[in-house]
Amino acid sequence: MTTATADLYDERGDELDSLGVQLLDLGGRTAFEGPIRTVRCHRDNALVKHVLATPGDGAVLVVDGGGSLESALVGDLIAASAVENGWAGIIVNGAIRDRAAIASLDLGVKALGSNPRKSSKDGVGDVDVPVTVGGVVFTPRRHVWADADGVLVER
């Protein structure tokens with residue numbers, strides 16, 4: 001990412017939404033950007049695993065876990081798969097696990113927090129649908145930028 005989110009907002013503010021939800025930077029890369037892909041799920045990461053095992057082509061997966069911190073939606077193996085498949089980052093409205101391992105990966109990861117508990121693997125949820133987090137709509141194929149200051153989303 002070449003332009004800081006603060007500078008990008010100064011240039012294009014009317015075209016962007018700024019996520020007010022305060023996410024932690026948990027990956028090895030703090031600044032990342034790309035086209036949006038989405039998964040909406042609750043305490044079930046089978047779809048997250050499936051999507052991140054496909055070619056990412058520099059995309060960012062936005063996972064709407066409904067803000068639940070009761071179980072992790074991304075762990076080190078899923079995050080490593082994302083790196084292998086060319087994803088730029090993952091934004092999780094929920095929890096991850098294996099923080100130390102994920103911090104060593106060349107991948108942007110933002111999440112609400114962590115929990116060592118595994119999630120279920122039933123495949124319940126939706127892929128590539130608009131998801132709303134903190135009043136901001138993440139629409140598949142639009143662009144997202146993230147860095148230490150926060151997250152900006154193309155309207």
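The values are calculated or read from the model by the stated rules, or taken from the named source; none is laboratory data. Source: prediction; values computed, not measured. With ideal geometry, Cβ positions are generated from the backbone for all residues, glycine too; neighbour counts draw on all protein chains shown. These accessible areas exclude ligands, DNA and RNA; they are computed on the full protein's heavy atoms, side chains included. Shrake-Rupley method; radii C 1.70, N 1.55, O 1.52, S 1.80 Å.
The residue pairs whose first member lies in region 116-134 and is within 30 Å of ARG155 (Cα to Cα), whose second member is open to solvent by 50 Å² or more (accessible area, probe 1.4 Å) and in a loop (DSSP other than H, G, I, E, B), and whose beta carbons are closer than 8 Å, counting only pairs six or more residues apart or on different chains, are VAL124/HIS42; GLY125/HIS42; GLY134/GLY20. Of all residues in region 10-29, those that are on the phi < 0 side of the Ramachandran plot have Cβ atoms under 8 Å from Cβ atoms of residues that are basic (Lys, Arg) and not in a strand (DSSP E or B), 6 or more apart or on another chain, in GLU15/ARG155; LEU16/ARG155; ASP17/ARG155; LEU26/ARG99.
Name the single residue that is most open to solvent (accessible area, probe 1.4 Å) among those in region 139-153 being closer than 18 Å to VAL129 by Cα and of a type outside the set (Val, Ile, Thr).
Of region 139-153, the ones closer than 18 Å to VAL129 by Cα are 139-144, 153.
Restricting the remaining residues to those that are of a type outside the set (Val, Ile, Thr) gives 140-143.
On the way: PRO140: 13, ARG141: 196, ARG142: 93, HIS143: 46 Å².
Top of the filtered list is ARG141.
With the condition kept exactly as written, say whether any residue in region 66-82 is in contact with a Gly (Cβ under 9 Å, 6 or more places away or on another chain), closer than 30 Å to ASP14 by Cβ and either open to solvent by 20 Å² or more (accessible area, probe 1.4 Å) or aromatic (Phe, Trp, Tyr) (or both). Yes: region 66-82 contains one or more residues that are in contact with a Gly (Cβ under 9 Å, 6 or more places away or on another chain), closer than 30 Å to ASP14 by Cβ and either open to solvent by 20 Å² or more (accessible area, probe 1.4 Å) or aromatic (Phe, Trp, Tyr) (or both). Filtered by the rule that a residue be of a type in the set (A, V, I, L, M), closer than 14 Å to VAL83 by Cα and crowded, with 19+ Cβ neighbours inside 10 Å, region 1-59 gives VAL48, VAL51, LEU52, ALA59.
Here VAL127 qualifies as closer than 14 Å to CYS41 by Cβ, touching a Leu at 6+ places or on another chain (Cβ under 8 Å) and either at pLDDT below 95 or surrounded by fewer than 18 Cβ atoms within 10 Å (Cβ to Cβ) (or both).
The lone criterion from (1) outside any strand (DSSP E or B); (2) of a type outside the set (S, T, N, Q); (3) in contact (Cβ under 8 Å) with a residue 24 or more places away in the chain; (4) at negative phi left unmet by ASP7 is number (3).
Scanning region 88-105 for residues that are assigned to a loop (DSSP other than H, G, I, E, B) and of a type in the set (Gly, Ala, Ser), we see that the one that is surrounded by the most Cβ atoms within 10 Å (Cβ to Cβ) is ALA88.
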